[in-house]
Structures are given as C-alpha cells and as structure tokens.
Amino acid sequence: YHSTEPDSKTEEKYNTLLLLMQQSVALFTWIKIIPTLDAQHGNTGRQKRLGEHEKGLTAIQEYKDETNILNLAYESVDALIAYLDKENFDFWLKSEKKRAINQLLIRSKEKFDIYYTIGSHRLFLTLIPIIREMQDRYIVPIITRKRYEQLLSGNELGEDFNDAVCRPLALLTMQKAVERLPVEVLPDGVVQVQQAGTVKEKIKAEAEARKAVSKSLGDDAGKDLIALQDFIATIEAEPDEPDLYLPKATIQSKGITF
C-alpha cells in the first residue's frame, strides 16, 4: 500500500478497505462512548446529566437505540469481511482465520446459509472453532478420517454426500452456539427474550429460551446424524464405493482439464 509506485487499481482497493475498517472502528467506538455521554460524576456518585429542557430516554428506548447502533457496527464488519473475500487480498488469504477455514467441511457463510441461515460473515468467523469441534467430534468418526482428508485435499462433495455431511454439522454448530455465545451475537430471532421485567426475570427467561432452542436443534441434528450413518453404511456395503467426490479442476500446460 505504501509502495513508491502504487498501482492505481490496487490503491483504490486498499482505500476502499481502509474506509470499511474506519467505519467499523467508528461505530464500535461510538457504542463504547454512548453510556458516558449523559453521565455526571460528582461527590454523590454517578448521575444522569440532563439540561433544563431536556428529557431523557426510557430504559427500553436506550436499549433499542444502542442495539440499533450495534447492529450497524455488525453490518459494517460483514461488509468488510465480504470485501476481503471478494478482492482476495494476499494478507487475508494467508491469515490464521483463512487457514482455519480451510480445515472445515463448511467453508463459507454462503454454504452455511444453505443448511441454517446465519446471514452474517462476522458470525461465520465466530463459529469457526465450533464448526471444527463439531466435525471432529461427530462427523469425522462417521465418514472416516480418510474421506475427510480427501475433502480437504481439494475434492468437493457430491451433492448427496454434501447434504448428508453438512446438514447435521450446521445444526450441531448452531446448537452449541446457542449454548455458548451471547444472545446479541446470534441471528435475530434465534433466542427470543422479552426485555421487560427485572434482571433476574430476564436471565431466567434467556436460560429457558436457550435450553428450548438447543434441544430443538439437537433433536434435528440427531436425526440427520442417523441419516449420515445410514448413508455411509450403504456405500460401504457396495462392492465398489461410488464416486462421492467432484475432482478439483487441474491446470495443465494447454489449459484447464476436468
């Protein structure tokens, strides 16, 4: 970026990247500042400071306002990640996150959305360690390490194999995400908690909602794991295992062959 002879196209891409980064930083900074704007610290402690003719927001109005700004911040991060993927920046492709993604059976937000809609690049990156944990614990023991390594080598899943593997993996991942991640990080509507009531009531309601959603996801994932076991048992019972993979295109001296 600081080259003495910057390429105009490259410079434009990095300028766009910088703007997206600045937007995200600004919004998250604003979220941190908001609670202190109306605060006044004195001998009697911390109090809300309002002008003579000013009227403060109610607690629920403050919550909605801060939630809206936080959502804008999350959307800005999504736009930033989408741009990194689109432009294939070298530093991004060589990053720890990308290396971790390359070890997964679900490698993108778009593919995850096919089986469970998360609608967020940011959330997909957050889910990386959970996806890895779930595939190592439940999927690989069923499909075998050999098949897993074949997939990592560049071969894509055939359509039937793809659905059989990725559907339970996505559901198991979301089940664990519901149990572990803050509600604010999850897609809207996954865990619904009323904001009215005491703090104790809201904590109890959130715990009950998490438990119900987790059970539903776990039940569905369990059925899909049984289906995956049946699928693998069927192909292993055949004299010659059918070709489950779509070989990756290879580049040769006279062009691309498939």
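How many residues does the range 84-111 contain that are aromatic (F, W, Y) and in contact with a helix residue (DSSP H, G or I) (Cβ under 6 Å, 6 or more places away or on another chain)?
Residues of the range 84-111 aromatic (F, W, Y): 89, 91-92.
With in contact with a helix residue (DSSP H, G or I) (Cβ under 6 Å, 6 or more places away or on another chain) added as a condition, the list becomes 92.
Of the residues in that region, 1 qualify.
Could you check R145 against (1) touching a helix residue (DSSP H, G or I) at 6+ places or on another chain (Cβ under 7 Å); (2) modelled with pLDDT of 90 or more and say which number it fails?
The single condition R145 does not satisfy is (1).
Which is at pLDDT 80 or above, among the hydroxyl-bearing types (S, T, Y) and out of contact with any helix residue (DSSP H, G or I) (no Cβ under 9 Å at 6 or more places or on another chain), of T36, T10?
When all the criteria are applied, what remains is T10.
Residue by residue, here is whether (1) surrounded by 12 or more Cβ atoms within 10 Å (Cβ to Cβ); (2) among the hydrophobic types (A, V, I, L, M, F, W, C); (3) assigned by TED's automatic domain parsing to the domain that holds L27; (4) at pLDDT 95 or above holds:
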| site | (1), (2), (3), (4) |
| --- | --- |
| G51 | no, no, yes, no |
| Q61 | no, no, yes, no |
| E66 | yes, no, yes, no |
| L72 | yes, yes, yes, no |
| S120 | yes, no, no, no |
| F124 | yes, yes, no, yes |
| L127 | yes, yes, no, yes |
| R137 | no, no, no, yes |
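Could you tell me whether V178 is crowded, with 19+ Cβ neighbours inside 10 Å, farther than 17 Å from I131 by Cα, modelled with pLDDT of 70 or more and in the same structural domain as I118 (by TED's automatic domain parsing)? So that I can check it myself, show each step before the final result.
On the way: crowded, with 19+ Cβ neighbours inside 10 Å: yes; farther than 17 Å from I131 by Cα: no; modelled with pLDDT of 70 or more: yes; in the same structural domain as I118 (by TED's automatic domain parsing): yes.
No; evaluated as a whole, the condition is false for this residue.
Just one of Y83, Y138 is farther than 23 Å from L20 by Cα, in a helix (DSSP H, G or I) and either hydroxyl-bearing (S, T, Y) or in contact (Cβ under 8 Å) with a residue 60 or more places away in the chain (or both); which is it?
Selected residue: Y138, the only one of Y83, Y138 that is farther than 23 Å from L20 by Cα, in a helix (DSSP H, G or I) and either hydroxyl-bearing (S, T, Y) or in contact (Cβ under 8 Å) with a residue 60 or more places away in the chain (or both).
Within the range 203-218, can one find any residue that is modelled with pLDDT under 70 and under 22 Å from P141 (Cα atoms)? Spell out how you get there, then give the answer.
Step one: filter the range 203-218 for residues modelled with pLDDT under 70, giving none.
Checked the range 203-218: no residue is modelled with pLDDT under 70 and under 22 Å from P141 (Cα atoms).
The values are calculated or read from the model by the stated rules, or taken from the named source; none is laboratory data. Keep in mind the model is a prediction, meaning the values are calculated, not measured. Glycine gets a Cβ as well: all are built from the backbone with ideal geometry, and neighbour counts include every protein chain shown.
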